[in-house]
1. Quick one: which of S44, S37, S73 is free of Cβ contacts under 8 Å to residues at least 40 places away in the same chain, more than 27 Å from Q118 (Cβ to Cβ) and either outside any strand (DSSP E or B) or within 20 Å of the chain's Cα centre (by Cα) (or both)?
2. Under the condition of being outside any helix (DSSP H, G or I) and more than 21 Å from the chain's Cα centre (by Cα), which residue from segment 98-121 is surrounded by the most Cβ atoms within 10 Å (Cβ to Cβ)?
3. Output yes when any residue across segment 126-136 is over 27 Å from T41 (Cβ atoms), among the polar types (S, T, N, Q), surrounded by fewer than 18 Cβ atoms within 10 Å (Cβ to Cβ) and touching a residue at least 24 places away in the same chain (Cβ under 8 Å), and no when none is.
4. Report yes if G33 is closer than 17 Å to V205 by Cα and buried (at least 18 other Cβ atoms within 10 Å of the Cβ), otherwise no.
5. Taking the criterion of being under 15 Å from the mean Cα position of the chain (by Cα), touching a residue at least 24 places away in the same chain (Cβ under 8 Å), part of a strand (DSSP E or B) and surrounded by 12 or more Cβ atoms within 10 Å (Cβ to Cβ), would at least one residue in segment 83-97 satisfy it?
6. Scan segment 1-34 residue by residue and report those that are without any contact (Cβ under 8 Å) to a residue 40 or more places away in the chain and either assigned to a helix (DSSP H, G or I) or in contact with a helix residue (DSSP H, G or I) (Cβ under 7 Å, 6 or more places away or on another chain) (or both).
7. Is it the case that E171 is among the acidic types (D, E), surrounded by fewer than 21 Cβ atoms within 10 Å (Cβ to Cβ) and in contact with a Ser or Thr (Cβ under 9 Å, 6 or more places away or on another chain)?
Amino acid sequence: MSKYYKLGAGTIVKAVDKVSLEIADGEFVIMVGRSGSGKTTLLSLIGGLTKPTSGTIMIDGKDLWSLDDREQSRIRAEKIGFIFQIPSLITTMNVMDNVRLPTMFPNHRENVGREVVQLLELVGLSDKVGAHPSQLSVGQQKRVAMARALINHPEILLADEPTSDLDKATEGEMMSLLRKIHHGSVRTIVMVTHNLDLAKFGTKVYRMTNGLIERVESEDLRSTDLIGEPTT
């Protein structure tokens with residue numbers, strides 16, 4: 001699959017360039033690379049948020065972009081959970097309602113309050129049910145976003161730089177949570193990061209550079225140039 005963008009004067013940016021990637025059920029895939037290497041675009045392609053310029057995105061044997069809008073929305077809502085780099089919580093809603101929000105689409109689910117409370121307990125925020133985003137730290141907001149991503153019981157969790165802007169201790173707590181979730185409710189996780197230290201959490205590690213990916217073996221994880229040269 002590829003995703004190209006046209007800029008002015010005929011310039012083409014190859015954000016993702018003829019990438020072939022197969023992710024098996026049960027894997028915790030970590031994609032490392034510098035900012036601008038194409039990681040977020042690749043995650044958006046996998047999750048059906050961005051249409052590829054060429055190639056196919058297959059989920060459970062179905063080509064995502066051969067489906068109509070309704071079926072695509074159903075798959076995104078029911079099978080895939082997204083943790084975005086910016087939590088994007090709704091400031092006028094409290095924590096309970098922010099986590100509950102995805103249950104409104106595509107089919108409204110009643111009586112999810114107990115599930116929300118259980119998820120907030122999982123992420124260590126059981127005492128913040130009635131708080132608003134402005135009353136939370138960055139790390140707490142990211143935990144709310146994680147709970148929100150899990151509320152529809154996804155089979156796949158896509159995480160875009162979930163530890164960015166966190167201190168070392170909170171970063172470790174966030175990765176421990178992701179590992180716990182992987183061993184529990186979510187079978188498959190794909191995470192992108194620029195932090196090489198987090199590669200050890202993955203069952204498979206890939207490096208992305210200038211829209212291209214390659215598999216990284218465990219013996220190479222200590223390499224200081226693992227994430228490649230800076231992109232222009």
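Since every read-out is calculated from the coordinates, none of them should be taken as a lab result. All of these numbers come straight from a predicted model, not from anything done at the bench. Glycine gets a Cβ as well: all are built from the backbone with ideal geometry, and neighbour counts include every protein chain shown.
1. Exactly one residue qualifies, and that residue is S44.
2. V112
3. The answer is yes; a qualifying residue exists.
4. It is true that G33 is closer than 17 Å to V205 by Cα and buried (at least 18 other Cβ atoms within 10 Å of the Cβ).
5. Yes: segment 83-97 contains one or more residues that are under 15 Å from the mean Cα position of the chain (by Cα), touching a residue at least 24 places away in the same chain (Cβ under 8 Å), part of a strand (DSSP E or B) and surrounded by 12 or more Cβ atoms within 10 Å (Cβ to Cβ).
6. Answer for segment 1-34, where residues must be without any contact (Cβ under 8 Å) to a residue 40 or more places away in the chain and either assigned to a helix (DSSP H, G or I) or in contact with a helix residue (DSSP H, G or I) (Cβ under 7 Å, 6 or more places away or on another chain) (or both): G8, A9, G10.
7. Yes: the conditions hold for E171.
So that you can scan it fast, the table gives a plain yes or no per residue for (1) hydroxyl-bearing (S, T, Y); (2) surrounded by 11 or more Cβ atoms within 10 Å (Cβ to Cβ); (3) farther than 17 Å from R187 by Cα; (4) touching a Ser or Thr at 6+ places or on another chain (Cβ under 6 Å):
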| position | (1), (2), (3), (4) |
| --- | --- |
| G8 | no, no, yes, no |
| V16 | no, yes, yes, yes |
| I23 | no, yes, no, no |
| K39 | no, yes, yes, no |
| K51 | no, yes, yes, no |
